[in-house]
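The values are calculated or read from the model by the stated rules, or taken from the named source; none is laboratory data. Predicted, not measured: the structure shown is a model, and the values here were computed from it. Here the Cβ positions follow ideal geometry from the backbone for every residue, glycine too, while neighbour counts run over all protein chains shown. These area figures cover heavy atoms from the full protein model, side chains too; ligands, DNA and RNA do not enter into them. Shrake-Rupley method; radii C 1.70, N 1.55, O 1.52, S 1.80 Å.
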Amino acid sequence: MSLLAVKRLTKNFGGLTAVSNVSFEVESGAIVGLIGPNGAGKTTVFNLITGIYKADQGEIVFNQQPISRLATHRIIALGVARTFQTIRLFQNLSVLENVLSGRHCRMKSGVLSSLLHTPRQRREERAAVATALGELEFIGLREQAIQLAKNLSYGNQRLLEIARALATEPRLLILDEPAGGMNEQETINLVSLIEKIRNRGVTVLLIEHDMSLVMRVCENIVVLEYGSKIAEGRPDEIKRDRRVIEAYLGTEEDE
């Protein structure tokens, strides 16, 4: 069953068309890659899905509900979480506090309850901490919970962003270049983590330039070039597609 449907999506910035008539679907429980050369429109598509940009044309449907015109916080509440190409952590907060910030959208205590520190608010706070620690355990950063985020290695900061996104209880996790800046071993561990996330019942949509990671972990791949979709299919199909080879993977003459 389709969890996410992108239908004829178009986004213009002045005279530049960043995304042009792009359509694809993400099946529930799948790991799908969105690839293409720099400037292909990949991150713009992610920004449209998550409400940062509004489409000029087209529609986005998540879990049978149109979300194209919803605010970002409402999209998160529906179950769409993301990480960013450029790390966006609260660098001077602890690792645990960063994950707790992702938990905020699931907490029900209002301002008055928080000010009065009511029993319900305290229970909810303890539950949020337990959930956050559980996510840190899941990604392997439980022992670093009290460290400042800025003191983590670059690769671990990327993992922390994933933990914060998971704390929102997403049905769809959108990862924007999660392997960026990671070394070979960290990338291998990331592949395992993405598979574990899917095994939790979370659908994954990712942008990634590391083609070995994409080919290993993704079941379906969508390819963009100059804002338009030029191919879609299984990894073995994408590797043989001449348009993809010429646009992104390179040709023998380029080597």
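Results, tabulated for the structure shown:
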| item | result |
| --- | --- |
| Selected residue (criterion: modelled with the lowest pLDDT) from residues of the stretch 213-250 that are open to solvent by 10 Å² or more (accessible area, probe 1.4 Å) and of a type in the set (Gly, Ala, Ser) | GLY250 |
| Near pairs, Cβ below 8 angstrom, 6+ apart or cross-chain, from the stretch 113-128 (under 12 Å from ARG103 (Cβ atoms)) to any residue that is at pLDDT below 75 and open to solvent by 80 Å² or more (accessible area, probe 1.4 Å) | GLU124/LYS108 |
| Filter result for ASP210 (within 18 Å of GLY41 (Cα to Cα), charged (D, E, K, R), open to solvent by 40 Å² or more (accessible area, probe 1.4 Å) and under 16 Å from the mean Cα position of the chain (by Cα)) | yes |
| The stretch 162-202, residues that are of a type in the set (Asp, Glu), out of contact with any helix residue (DSSP H, G or I) (no Cβ under 8 Å at 6 or more places or on another chain) and either open to solvent by less than 10 Å² (accessible area, probe 1.4 Å) or in contact (Cβ under 8 Å) with a residue 24 or more places away in the chain (or both) | GLU177 |
| Members of the stretch 120-152 that are of a type outside the set (A, V, I, L, M, F, W, C) and under 14 Å from SER94 (Cα atoms) | ARG142, GLU143, GLN144, GLN147, LYS150, ASN151 |
| Complete set of residues in the stretch 141-161 that are touching a residue at least 24 places away in the same chain (Cβ under 8 Å) and either hydrophobic (A, V, I, L, M, F, W, C) or not in a helix (DSSP H, G or I) (or both) | LEU141, ALA145, ILE146, GLN147, LEU148, ALA149, LEU152, LEU159, LEU160 |
